[in-house]
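Undergrad: Can you read through this structure? Questions will come right after.
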Amino acid sequence: MEQQIFHHTYENGITLVAQPMPWLESAAFSIAVPAGCRYDALSQRGIANFVCEMVQRGCGDLNSREFIEALESLGVDYSSSASLYNTNFGGAMQAAQLHDALRIYADVLQRPAFPEDQLEDGRLVCFQEIASLGDDLAQRALQKLRTNFYGSIDGRNCEGTLETVQSITLDDIRNFYDRHYRPNGLIIACAGKLEFDSLKAHVGELFQNWHPKPDPTVTTEPATHGVEHIVHESEQTHIAIAYPGVPYSHENYYLNRGAIGVLSGGMSSRLFTEVREKRGLCYTVFASCHTLKDKGAVLCYSGTTNERAQETLDVIIEELQKMALGIKEDELRRLKVQIRSGMVMQQESCRGRAGSIAGDWFHLGRVRTLDEVNQKINELTVESINEYLAANPPQSFDIVTLGPQPLEFEANGISATQA
Amino acid sequence: MEYRQHRLKNGLNILAECNPQAYTSAFGFFVRTGARDETSEISGVSHFLEHMVFKGTPNRSAAQVNLELDEMGSSSNARTGEESTIYHAAVLPEFQGQVVELLSDIMRPSLRIDDFETEKQVIIEEIKMYDDQPPYGGYERMMSEFFGNHPLGQSVLGTVDSVSGLTPESMMSYFKERYSPSNICFAGAGKIDFDKLVEDLDQHCGAWTPFSPERSTKPADYRTGFVSMHKPNSHQQYILQMAAGPSSEQEIRFATAVMSSIIGDDSGSRLYWEFLDSGLAESAGMGGYDYQGSGAIMSFICCSPEQAQENLGRLAKLQQKIRKEGITQKELNLAKRKIASHIVLASERTNSRMFSIGAQWLSEESFKTVAEIAAIYESVTLDQIHEALEAFPLDQNMTVTVGPCENLAAPN
């Protein structure tokens, strides 16, 4: 499959990165604005998310309702969210509408109106997002785990708290926007049926009068680590486990990714086989690679009825520790086919590709082509993965459980009790 | 793009959309069986059987099935609903022969007792998992309240008790009543060698004995009312509402789908402006549930417990207003634009084409191309939308609410 990646960085620092997919009739964009929730002041937690909501409540010549109608009349299936590093805006549509859709987002990014009469509605939407976490027990366990593992800034969720969001004023929102919505460091990724030269000219014109702003300072807070139980009267106990991994940009990323694929990559993977298929302990169990820019983690999760939760935790930990002994040839063979197949399937979706190339550019400052990834996967051997696993055995587990009763955990020499 | 169709002597239907340009191929067995075909003694058997299908055959152990699916790098899964059970896998085209053989083989499962008892635990975990997830059994309760004693009111998952009581024998006798080749369609999309597909399926499935499964499709006698389920440790209040809707045979279902988009799409709809833009709810929406002989339109709102009573009133008022004043041409145009765009995006995924073909066979044994489907939605008129609003009044409904509120009442 031919794959061409084009990129251009404009004078003001915006990078346009694009993959033409001429076999499609659609196109998609993914915009990453360097205004993530890591820049939220402690007393204003949730402000990046609030600003993301407010820039879409009127911009350029459009009021809040006209903005949505403009997108709908173009048939844009749009989305937005704040994440740790960036605030993201995405959309997928019929290819002919891509330039017009980007024109609307040029207004969102450069000319938000911040109308006062939209502030309280916007705040209520942010409250709703906070409330939605309350009933998602798996996410609650995983969220707490990320905070413990990465520390209270790098592991934070973007929603903030009711108190902090309540305290945010329109001036705070304008200030955050003025400081963090900027062209330098902004990524516009497009994929689908597109022509790069005209797209480059169009984006250049849309954003040419936007001037760079100084890079903001970033602080971090140390991780707390450890084992924690959250008491909740639920039917299942939700078990979340983290241990150190490697970030996407690390030379060992694919070695770790390969190992985690063997652990949790398919129906014949170790966790699925040992926890679900052989013992029937759960419906859901997985491990996955999680990446920040400069560090990574392996995150595992399972939800299981309370009386079987201890056994589930024990089996998962045993399987994680067993990884240090290495993987086998047939496991690697299956994994390679799976990864190759997954990459081809991703080529059917311009939305998926736009998101991927934006992510690549953010983490690497370039895009890994299919050929390059294919080569890295082909180069993986049992020996190279096992060498990596022997040098980096899964250990130093952070655990968060959520359910009626705490579980016993001895591997770190600590027994789980309520924090 | 070429559409091909074949029926084996034993009645197994083969439908495929063959696209030589595609990079992948997707296949699936669509069985016309589900919770509506169960009796209360075997409640949950369709779904449990769906799990057991992956647990091996006389030719393969459960572990072998999983290994082979992974060896092909397949993206595979299965799902069970009120009236269908679907087994599917997407692969690179080079694996066509292999995946068709595997899917065909697992459709004649062994139901070995050890596997059966282990998998029973997984099903019970799945039931418990949903007990912890919003709307906490509210959907099952809604189906049983709305459809009453009609078979469509039966739970897909069953209960811990009903599933615990199932045996390999009771499951096998259900299998022998439902999995006739004449009751099954094999659907494919993507880069497919159709002649080889027919040849392979004839070889693997040609010996399946046909019989005539029966299903009652008599229209349901929909019920209205207001039911409150108290869930003290839930944070949010969940409101579900079902009103009569078109069945999967009725032409008016297309206009009704456009109407649902205008009123309840997750962006730019009436519910969006009323509840989401204003921050009065965490989520709100509306969608159609078409079945053979009966259908429903479900609205849902998730909001804070404090806001729930007011939102119930707002929803009722909005429904009355729409019924009285109708919708506008502008709303219709925007909805059509949005639907056209969704159709294009969905058509680019072979998996979603395969599902579309299989689902069409389940409901009407016919096939429409992407262009034909797009043309039908494009042709929907304002009059047809108003006809749908008249035929399926949203304010005559069953409401089920779940959450911490103890004293919610139907709005006046």
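Undergrad: What single numbered condition from (1) away from chain B (no Cβ under 14 Å); (2) surrounded by fewer than 19 Cβ atoms within 10 Å (Cβ to Cβ) fails to hold for A:PRO22?
TA: For A:PRO22, the exception is condition (1).
Undergrad: Output the number of residues of the stretch A:143-167 satisfying the condition of being within 14 Å of chain B (Cβ to nearest Cβ) and of a type in the set (A, V, I, L, M).
TA: Summing the residues that are within 14 Å of chain B (Cβ to nearest Cβ) and of a type in the set (A, V, I, L, M) in the stretch A:143-167 gives 2.
Undergrad: Between a residue in the stretch B:184-198 that is in the same structural domain as B:ALA90 (by TED's automatic domain parsing) and any residue that is acidic (Asp, Glu) and surrounded by fewer than 17 Cβ atoms within 10 Å (Cβ to Cβ), which pairs come within a Cβ distance under 8 Å, given they are 6 or more apart or on different chains?
TA: Note: pairs meeting the criteria are B:PHE194/B:GLU2.
Undergrad: While we're here: Please state which one of A:LEU137, A:LEU98, A:LEU74 is more than 11 Å from every other protein chain (Cβ to nearest Cβ) and crowded, with 21+ Cβ neighbours inside 10 Å. Let's see the steps before the verdict.
TA: Details: A:LEU137 fails: more than 11 Å from every other protein chain (Cβ to nearest Cβ); A:LEU74 fails: more than 11 Å from every other protein chain (Cβ to nearest Cβ).
Result: A:LEU98 is the single residue among A:LEU137, A:LEU98, A:LEU74 that is more than 11 Å from every other protein chain (Cβ to nearest Cβ) and crowded, with 21+ Cβ neighbours inside 10 Å.
Undergrad: Filter the stretch B:1-17 down to the residues that are in a loop (DSSP other than H, G, I, E, B), on the phi < 0 side of the Ramachandran plot and within 25 Å of the chain's Cα centre (by Cα) and list them by number.
TA: Selection gives B:LEU12 alone.
Undergrad: Here is a check on your reading of the model: is B:PRO151 touching a strand residue (DSSP E or B) at 6+ places or on another chain (Cβ under 7 Å) and surrounded by 20 or more Cβ atoms within 10 Å (Cβ to Cβ)?
TA: Spelling it out, it is not the case that B:PRO151 is touching a strand residue (DSSP E or B) at 6+ places or on another chain (Cβ under 7 Å) and surrounded by 20 or more Cβ atoms within 10 Å (Cβ to Cβ).
Undergrad: Identify, please: which residue in the stretch A:25-64 is acidic (Asp, Glu) and within 14 Å of another protein chain (Cβ to nearest Cβ) and is, among those, farthest from A:VAL203 (Cα to Cα)? Full working, then the answer.
TA: Applying the first criterion (acidic (Asp, Glu)) to the stretch A:25-64 yields A:25, A:40, A:53, A:61.
Filter once more, so that each one left must be within 14 Å of another protein chain (Cβ to nearest Cβ): A:25, A:53.
On the way: A:GLU25: 21, A:GLU53: 23 Å.
Within the stretch A:25-64, the match that is farthest from A:VAL203 (Cα to Cα) is A:GLU53.
Undergrad: Could you give every pair whose Cβ atoms fall below 6 Å, whose first residue belongs to the stretch A:59-73 and is under 17 Å from B:SER278 (Cβ atoms), and whose second residue is outside any helix (DSSP H, G or I), counting only separations of at least 6 or pairs across chains?
TA: From residues that are under 17 Å from B:SER278 (Cβ atoms), the pairs are A:SER64/A:ARG57; A:SER64/A:GLY58; A:ILE68/B:GLY268.
Undergrad: So is B:GLU41 in the same structural domain as B:PHE175 (by TED's automatic domain parsing), acidic (Asp, Glu) and under 17 Å from the mean Cα position of the chain (by Cα) or not?
TA: Numbers: in the same structural domain as B:PHE175 (by TED's automatic domain parsing): yes; acidic (Asp, Glu): yes; under 17 Å from the mean Cα position of the chain (by Cα): no.
Spelling it out, it is not the case that B:GLU41 is in the same structural domain as B:PHE175 (by TED's automatic domain parsing), acidic (Asp, Glu) and under 17 Å from the mean Cα position of the chain (by Cα).
Undergrad: While we're here: Which residue is nearest to B:GLN237 (Cα to Cα), if the candidates are limited to the stretch B:135-156 and must be touching a helix residue (DSSP H, G or I) at 6+ places or on another chain (Cβ under 9 Å) and outside any helix (DSSP H, G or I)?
TA: Among them, the one singled out is B:PRO135.
Undergrad: Now a separate question. When residues of the stretch B:157-167 are filtered for being assigned to a helix (DSSP H, G or I) and buried (at least 18 other Cβ atoms within 10 Å of the Cβ), how many remain?
TA: 2
Undergrad: Please go through the stretch A:302-348 and pick out each residue that is closer than 15 Å to A:THR401 by Cα and of a type in the set (Ser, Thr, Tyr).
TA: A:SER302, A:THR304, A:THR305, A:THR312
Undergrad: Mind checking which pairs have a first residue in the stretch B:368-383 that is free of Cβ contacts under 8 Å to residues at least 24 places away in the same chain and a second that is among the small types (Gly, Ala, Ser), Cβ under 6 Å, 6 or more apart or different chains?
TA: From the stretch B:368-383, no pairs qualify.
Undergrad: Could you please give the count of residues in the stretch A:266-276 that are touching a Phe, Trp or Tyr at 6+ places or on another chain (Cβ under 9 Å) and facing chain B (nearest Cβ under 7 Å)?
TA: 3
Undergrad: Working only within the stretch A:221-236, note down all residues that are within 13 Å of chain B (Cβ to nearest Cβ) and either over 15 Å from A:TYR301 (Cβ atoms) or small (Gly, Ala, Ser) (or both). So that I can check it myself, show each step before the final result.
TA: Going through the stretch A:221-236, the residues within 13 Å of chain B (Cβ to nearest Cβ) turn out to be A:230-236.
Matches in the stretch A:221-236: A:VAL231, A:HIS232, A:GLU233, A:SER234, A:GLU235.
Undergrad: Just one of A:GLU129, A:GLU163 is in contact with a Cys (Cβ under 9 Å, 6 or more places away or on another chain) and not polar (S, T, N, Q); which is it?
TA: Working: A:GLU163 fails: in contact with a Cys (Cβ under 9 Å, 6 or more places away or on another chain).
Checking each option against the conditions leaves just A:GLU129.
Undergrad: Filter the stretch B:172-209 down to residues that are farther than 17 Å from B:ALA90 by Cα and among the small types (Gly, Ala, Ser), then give me how many there are.
TA: 5
Undergrad: Might you let me know whether the stretch A:330-339 holds any residue that is at pLDDT below 95 and within 24 Å of A:MET93 (Cα to Cα)?
TA: no
Undergrad: Among the residues of the stretch A:320-330, is there at least one that is within 23 Å of A:ILE377 (Cβ to Cβ), outside any loop (DSSP other than H, G, I, E, B) and either of a type in the set (Asp, Glu) or not assigned by TED's automatic domain parsing to the domain that holds A:TYR253 (or both)?
TA: Yes: one or more hits.
Undergrad: For B:TYR174, which of the numbered conditions (1) closer than 30 Å to B:LEU318 by Cα; (2) at pLDDT 95 or above; (3) surrounded by fewer than 22 Cβ atoms within 10 Å (Cβ to Cβ); (4) among the hydroxyl-bearing types (Ser, Thr, Tyr) fails to hold?
TA: (1)
Undergrad: Give me a count of the residues in the stretch A:202-258 that are over 30 Å from A:GLN139 (Cβ atoms) and acidic (Asp, Glu).
TA: Of the residues in the stretch A:202-258, 3 are over 30 Å from A:GLN139 (Cβ atoms) and acidic (Asp, Glu).
Undergrad: Quick one: is B:ALA371 touching a Ser or Thr at 6+ places or on another chain (Cβ under 7 Å), surrounded by fewer than 16 Cβ atoms within 10 Å (Cβ to Cβ) and over 19 Å from B:GLU249 (Cβ atoms)?
TA: Values: touching a Ser or Thr at 6+ places or on another chain (Cβ under 7 Å): no; surrounded by fewer than 16 Cβ atoms within 10 Å (Cβ to Cβ): yes; over 19 Å from B:GLU249 (Cβ atoms): yes.
It is false that B:ALA371 is touching a Ser or Thr at 6+ places or on another chain (Cβ under 7 Å), surrounded by fewer than 16 Cβ atoms within 10 Å (Cβ to Cβ) and over 19 Å from B:GLU249 (Cβ atoms).
Table: residues versus (1) away from chain A (no Cβ under 13 Å); (2) crowded, with 21+ Cβ neighbours inside 10 Å; (3) in contact with a strand residue (DSSP E or B) (Cβ under 9 Å, 6 or more places away or on another chain).
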{"residue": "B:PHE275", "(1), (2), (3)": "no, yes, yes"}
{"residue": "B:GLY288", "(1), (2), (3)": "yes, no, yes"}
{"residue": "B:GLY293", "(1), (2), (3)": "yes, no, no"}
{"residue": "B:ALA296", "(1), (2), (3)": "yes, yes, yes"}
{"residue": "B:ILE301", "(1), (2), (3)": "no, yes, yes"}
{"residue": "B:GLU306", "(1), (2), (3)": "no, no, yes"}
{"residue": "B:LYS317", "(1), (2), (3)": "yes, no, no"}
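Undergrad: Is at least one residue of the stretch A:368-385 in a loop (DSSP other than H, G, I, E, B), farther than 30 Å from B:HIS342 by Cα, in contact with a helix residue (DSSP H, G or I) (Cβ under 9 Å, 6 or more places away or on another chain) and not assigned by TED's automatic domain parsing to the domain that holds A:TYR85?
TA: Taking every residue of the stretch A:368-385 in turn, at least one turns out to be in a loop (DSSP other than H, G, I, E, B), farther than 30 Å from B:HIS342 by Cα, in contact with a helix residue (DSSP H, G or I) (Cβ under 9 Å, 6 or more places away or on another chain) and not assigned by TED's automatic domain parsing to the domain that holds A:TYR85.
Undergrad: State yes or no: is A:ARG351 without any contact (Cβ under 8 Å) to a residue 40 or more places away in the chain and of a type outside the set (Gly, Ala, Ser)? If you could, list the steps in order and put the result at the bottom.
TA: Numbers: without any contact (Cβ under 8 Å) to a residue 40 or more places away in the chain: no; of a type outside the set (Gly, Ala, Ser): yes.
It is false that A:ARG351 is without any contact (Cβ under 8 Å) to a residue 40 or more places away in the chain and of a type outside the set (Gly, Ala, Ser).
Undergrad: Considering only the stretch A:287-303, state which residues are touching a strand residue (DSSP E or B) at 6+ places or on another chain (Cβ under 6 Å) and either among the β-branched types (Val, Ile, Thr) or within 14 Å of another protein chain (Cβ to nearest Cβ) (or both). Steps first, please.
TA: Restricting attention to the stretch A:287-303, the residues satisfying the condition of being touching a strand residue (DSSP E or B) at 6+ places or on another chain (Cβ under 6 Å) are A:287-290, A:296-303.
The answer is A:VAL298, A:TYR301, A:SER302, A:GLY303.
Undergrad: Same structure again: Please note which strands (runs of 3 or more DSSP E) are completely contained in the stretch A:1-105 and include at least 1 residues that are over 29 Å from A:VAL165 (Cβ atoms) and over 19 Å from the mean Cα position of the chain (by Cα). Working first, answer last.
TA: Values: elements: A:6-9, A:15-20, A:26-33, A:77-82, A:87-94.
It comes to A:6-9, A:15-20, A:26-33, A:87-94.
Undergrad: Same structure, new question: For the stretch B:59-95, how many residues meet the condition of being within 13 Å of chain A (Cβ to nearest Cβ), under 26 Å from the mean Cα position of the chain (by Cα) and of a type in the set (S, T, N, Q)?
TA: Total satisfying the criteria: 5.
Undergrad: Which of (1) modelled with pLDDT under 95; (2) surrounded by 17 or more Cβ atoms within 10 Å (Cβ to Cβ) is the odd one out, the single condition B:SER216 does not satisfy?
TA: So B:SER216 meets the others, but not (2).
The values are calculated or read from the model by the stated rules, or taken from the named source; none is laboratory data. As the structure is a computational prediction, the values presented were derived from the model and not from experiment. Every residue, glycine among them, receives a Cβ derived from its backbone with ideal geometry; neighbour counts consider all protein chains shown.
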